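The values are calculated or read from the model by the stated rules, or taken from the named source; none is laboratory data. Given the structure is predicted, the values throughout are model-derived calculations rather than measurements. Backbone-built Cβ (ideal geometry, glycine too); neighbour counts: all protein chains shown.
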Amino acid sequence: MSLRTRLVLWLGCVLAVTLGLGCALAGWHAVASVRAEMQSALETGQHAVANSIEEIAGSASAPNDLRHLVATFDGNRHVRANYIDAQGAMIASSIIQAPARPIPEWFRRGIGPALAPVVLSAPSGAITLTADPTNEVGEVWDQANDAVRTLAVFFALTVLLLYWTIGRALLPLAHLSTAFGQIGAGNYTTRLDRSGPPGTCQSRHRIQPHGGTTRPRRKPKPAARRTTFDVAGRGTG
């Protein structure tokens, strides 16, 4: 595997881990946001039902009024209301607004909170309010799809830019390696290609200051023969 490929893979892995951590953090914030929205919807519905039950108390048509109260929650995006009689039978139930598009069940389970229903005592029964995060999770799902597509395009463009930039920066090394190989083979007229990034061009000018021609090395001169003289004055070479 080439140095260019290894560098791109390493930087791509770092980028992927960073984006993964960003997605995990965004998911954590999404869970907290959906939970806060559901709790707020339950509190709003609880106050509205409590006020209505106070008005209905003592009315001769309390069961019909409670059915009408439950019907006011039809089309609600976050809360489902149920009217249960004293024996625990379901008398009336509201219809929650259907989501605009289907949501994967795994995503709904991962993002949607499990909140305990709110039970309010009413004449001859009780009203229960249950949070349904389907629509809120649907909004998060749409935002997540847009974010994932954007991050995928960003990741692809970044990796391509890194591949091109690193390849351009490392190109002079390939030229040097080729030139040294030719010199080692005995071709002392090798010239280096001066194209490339400005910084590497200056380095190549320092390497070949004489127009790019690499001169052959001169052979070392033979060492001068040393002459010794013995005691009698005769010289030996």
For region 61-69, indicate whether the set of residues that are within 30 Å of Asn145 (Cα to Cα), among the polar types (S, T, N, Q) and loosely packed, with under 13 Cβ neighbours inside 10 Å is non-empty.
-> no
Given the conditions (1) free of Cβ contacts under 8 Å to residues at least 40 places away in the same chain; (2) more than 22 Å from the chain's Cα centre (by Cα), and given that Asn145 satisfies all but one, which numbered condition is not satisfied?
-> (2)
Among (1) touching a Ser or Thr at 6+ places or on another chain (Cβ under 8 Å); (2) not in a loop (DSSP other than H, G, I, E, B), where does Asn64 come up short?
-> (1)
Does region 116-134 include one or more residues that are under 20 Å from the mean Cα position of the chain (by Cα) and at pLDDT below 90?
-> no
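Take the residues in region 92-115 that are loosely packed, with under 15 Cβ neighbours inside 10 Å and more than 29 Å from the chain's Cα centre (by Cα), then tell me which one is farthest from Ala30 (Cα to Cα).
Taking region 92-115 and keeping what is loosely packed, with under 15 Cβ neighbours inside 10 Å, we get 95, 97-98, 100-102, 104-106, 109-110, 114.
Within this subset, residues satisfying the condition of being more than 29 Å from the chain's Cα centre (by Cα) are 95, 97-98.
Details: Ile95: 25, Gln97: 21, Ala98: 21 Å.
The extreme case among them is Ile95.
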Might you check whether a residue that is of a type in the set (Lys, Arg), modelled with pLDDT under 70 and surrounded by fewer than 11 Cβ atoms within 10 Å (Cβ to Cβ) occurs anywhere in region 202-212?
-> yes
Can you spot a residue in region 25-32 that is in a helix (DSSP H, G or I), of a type in the set (Val, Ile, Thr) and either over 30 Å from Val119 (Cβ atoms) or touching a Ser or Thr at 6+ places or on another chain (Cβ under 7 Å) (or both)?
-> no
